[in-house]
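The values are calculated or read from the model by the stated rules, or taken from the named source; none is laboratory data. In this text, all values refer to a predicted model and were calculated from it rather than measured experimentally. All Cβ positions, even for glycine, are placed from backbone atoms using ideal geometry, and neighbour counts span all protein chains on display. Accessible surface areas use protein heavy atoms only, side chains included; no ligands, DNA or RNA. Shrake-Rupley method; radii C 1.70, N 1.55, O 1.52, S 1.80 Å.
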Amino acid sequence: MVFLEVRGLCKEFNGIQALDELDMSVRQGEIYGFLGPNGAGKTTTLRIIMGLVEVDRGKIRLEGEPITADRRRDIGYLPEDVSLYEKMTVQENLIFFSRLKGFDKDEGQRVMKALRIEGLGDRKVETLSKGYQQKVGLAQMLIGDPGLLILDEPTSGLDPSVRRWLKDMMKNLKRQGKTILFSSHVLGEVQEICDRVGIISKGSMLTEDVFEDLTNVLDLEDRITVLMKPLKSSFKYVSELEGVKRPRIEGEYIVFYCSGVHKIKALRNIFSRDYRVLDVKLHEPDLEEVFVKLTEDDR
Amino acid sequence: MKFKRISLLYSRDMWSRIYFIAHKEFKTKVRSGWILALIAVFVSMSLLVTFYGASLEEGLHWHHLEEAVMYMVGYMEFMAPILGIIFGYGSIVQERESGTLELMSSYPLDRGEIIAGKFLGLWGIIALSVGLGLGAGGVILSTQVERMIWSEYYLFIFSSILLGGVFLSFSMMLSTVFRTSNSSMCGSIFILFLYNILWLFIMYTIAELSFGWDTMVEGISPPTWYFVMQLFNPVIIWYTLLTLNIPALRLRAMELGGTEGTVYPDIYQTWSMIILLIVWIAIPLLISEYMIRRSDVC
């Protein structure tokens with residue numbers, strides 16, 4: 001079921017088309033990775049969904065209904081730069097935001113407990129590291145137990161341990177039934193935790209799909225590394241096999257790219273000849289390759 | 001649509017959110033060290049001006065209420081607007097720069113509530129500063145002068161709080177319009193100069209070119225349109241409100257300006273001056289509300 005639906009979103013800033021007929025569908029209970037190069041329109045899209053930037057044209061629907069101020073109660077938002085009141089304590093910040101959403105101060109305590117950051121309650125935000133500020137930002141996002149969570153580049157500038165914590169937290173929130181939409185340029189983490197990805201370029205959605213399906217649709221090649229002897233004659237043989245692309249020698253290894261049925265045929269041929277095959281490594285295409293292939297026109 | 005706006009106006013949630021924003025503003029400012037220092041300086045300055053104002057003409061004694069109030073009026077004419085500007089110029093633009101406006105606006109509230117909440121919280125700080133400053137001055141003065149007229153003094157405090165609110169409202173409007181704190185501060189300072197210094201020259205030039213300034217000095221009251229034009233300056237409205245209610249102040253001011261023949265038109269009444277000050281608070285606030293609603297938050 002589509003939880004958040006964006007249709008034909010257009011936005012222009014000073015004559016520059018930031019979004020051009022952008023479509024997006026986020027399904028209930030999934031983690032949706034929103035990818036795109038810098039300036040592609042990711043943050044603008046998220047800000048429009050949150051009502052922070054006026055849209056020129058297009059529709060946004062949450063569970064089939066337009067997002068009114070009241071419906072925003074069911075959305076939690078974490079901007080790219082964690083922006084809390086630095087002179088206030090963590091607890092005061094969370095109580096303030098709880099009250100803006102119509103909850104009492106116990107809600108602030110609840111979210112701190114849920115994220116196990118009760119110990120930070122009396123500390124002023126300005127004294128916290130970026131990692132801890134991000135945790136407090138995440139707590140702020142969870143106020144009121146919203147069904148949809150929107151995070152703009154949440155792992156940007158964080159150290160690996162906090163990044164890991166954040167990813168685990170997102171998986172955990174998904175298990176609790178939350179729908180999560182997050183933008184990122186760290187492709188590895190998107191691949192690791194997202195159910196589906198949407199790739200945006202020049203303000204338009206290039207594609208959105210399950211990652212495995214994307215690699216099939218784009219017919220991306222696997223990278224195959226083979227250690228076989230004798231090197232020179234086996235390299236000549238491999239280079240001439242059907243479907244083998246970009247063959248080269250890297251140290252003692254032969255490296256080439258191959259996709260679909262050609263991959264199986266090539267490997268079968270390699271093993272069926274009199275060459276001594278000592279090692280074979282297969283690298284499946286990763287999101288980076290999907291991303292590069294889809295946005296290569298922009299580069 | 002109309003129905004929706006009206007129901008929003010009476011929504012209890014809306015007033016709660018305004019209260020929480022105002023409370024946060026008030027609390028964080030009161031806790032801030034430099035704000036407390038500012039209030040302390042303000043109180044000390046008030047006492048100093050009260051003392052010297054009262055004693056200037058008759059040696060170092062406190063016994064002339066009118067003299068004291070007159071000097072305090074001269075002091076408040078600048079201090080109340082300065083307080084308004086200090087608290088107002090960064091109120092929106094600094095939140096925009098730090099990103100907290102983006103976060104707050106992502107919550108289910110109307111952006112007008114942010115303006116209203118901030119204004120009320122900051123106006124509360126101004127009321128506290130002016131109340132403490134002039135209140136302390138009044139208490140000391142009452143023990144020293146022969147006849148303390150508290151009603152006049154309360155009006156002086158109340159109107160000064162209104163004047164601070166006017167300049168707070170102006171600087172909040174500029175804080176909404178401008179994208180950097182520096183531009184907002186410069187705009188606010190210009191407003192202060194316009195109304196406290198430039199206005200005199202503008203009105204003098206207009207008077208000279210139309211009916212001639214000398215006629216006022218010669219005891220002839222200027223035409224009504226001249227008085228109406230003066231109402232475009234909230235500082236003049238405030239001053240008029242005081243002179244209407246503190247006879248000694250009016251007499252002394254006219255003596256100094258040589259304009260004893262000036263007769264206020266009928267529109268110059270206590271109630272109308274109070275309403276006009278409130279209108280001067282409301283207009284910039286409404287513009288701020290319009291601007292923040294139609295512009296992108298980030």
- Residue pairs qualifying under the 9 Å Cβ cut-off, at least six apart or on distinct chains, with the first in the range B:283-298 being within 13 Å of chain A (Cβ to nearest Cβ) and the second being surrounded by fewer than 17 Cβ atoms within 10 Å (Cβ to Cβ) and not acidic (Asp, Glu), are B:ASP296/A:PHE13
- Query: Residue check: is A:GLY198 within 16 Å of A:ARG27 (Cα to Cα), under 16 Å from the mean Cα position of the chain (by Cα) and of a type outside the set (Val, Ile, Thr)?
  - Reply: yes
- Tell me, which residue of the range A:61-83 that is more than 7 Å from chain B (Cβ to nearest Cβ) and closer than 20 Å to A:GLU153 by Cβ is surrounded by the fewest Cβ atoms within 10 Å (Cβ to Cβ)? A:GLU80
- Message: Looking at A:GLN17 and the list (1) within 14 Å of chain B (Cβ to nearest Cβ); (2) open to solvent by 70 Å² or more (accessible area, probe 1.4 Å); (3) not charged (D, E, K, R), which single condition is not satisfied?
- Response: (1)
- Query: Just one of A:LEU46, A:LEU94 is at pLDDT 95 or above, over 22 Å from A:SER201 (Cα atoms), more than 7 Å from every other protein chain (Cβ to nearest Cβ) and out of contact with any Cys (no Cβ under 7 Å at 6 or more places or on another chain); which is it?
  - Reply: A:LEU94
- Inter-residue pairs, beta-carbon under 7 Å, first more than 23 Å from B:ILE236 (Cα to Cα) and in the range B:170-195, second open to solvent by less than 40 Å² (accessible area, probe 1.4 Å) and not in a helix (DSSP H, G or I), 6+ apart: B:SER175/B:GLY90; B:SER175/B:SER91; B:SER175/B:ILE92; B:THR176/B:ILE92; B:SER181/B:GLY90; B:SER184/B:GLY90
- Task: Take the range B:264-298 and flag every residue that is β-branched (Val, Ile, Thr), in a loop (DSSP other than H, G, I, E, B) and within 30 Å of B:GLU95 (Cβ to Cβ).
- Result: B:VAL297
- Query: Here are A:LEU138, A:LEU100: which of them is within 10 Å of chain B (Cβ to nearest Cβ), modelled with pLDDT under 95 and on the phi < 0 side of the Ramachandran plot?
  - Reply: A:LEU100
- Message: Looking at the range A:269-296 only, could you name the residues that are in a helix (DSSP H, G or I), open to solvent by 30 Å² or more (accessible area, probe 1.4 Å) and within 14 Å of A:MET228 (Cβ to Cβ)?
- Response: A:ASN269, A:PHE271, A:SER272
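Has the range B:84-94 got at least one residue that is assigned to a helix (DSSP H, G or I), within 12 Å of chain A (Cβ to nearest Cβ) and either modelled with pLDDT of 80 or more or over 18 Å from the mean Cα position of the chain (by Cα) (or both)?
Yes; the residues of the range B:84-94 include at least one that is assigned to a helix (DSSP H, G or I), within 12 Å of chain A (Cβ to nearest Cβ) and either modelled with pLDDT of 80 or more or over 18 Å from the mean Cα position of the chain (by Cα) (or both).
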- Message: So in the range A:227-267, with the set limited to residues that are surrounded by fewer than 16 Cβ atoms within 10 Å (Cβ to Cβ) and under 21 Å from A:ASN216 (Cβ atoms), which one is modelled with the lowest pLDDT?
- Response: A:GLY260
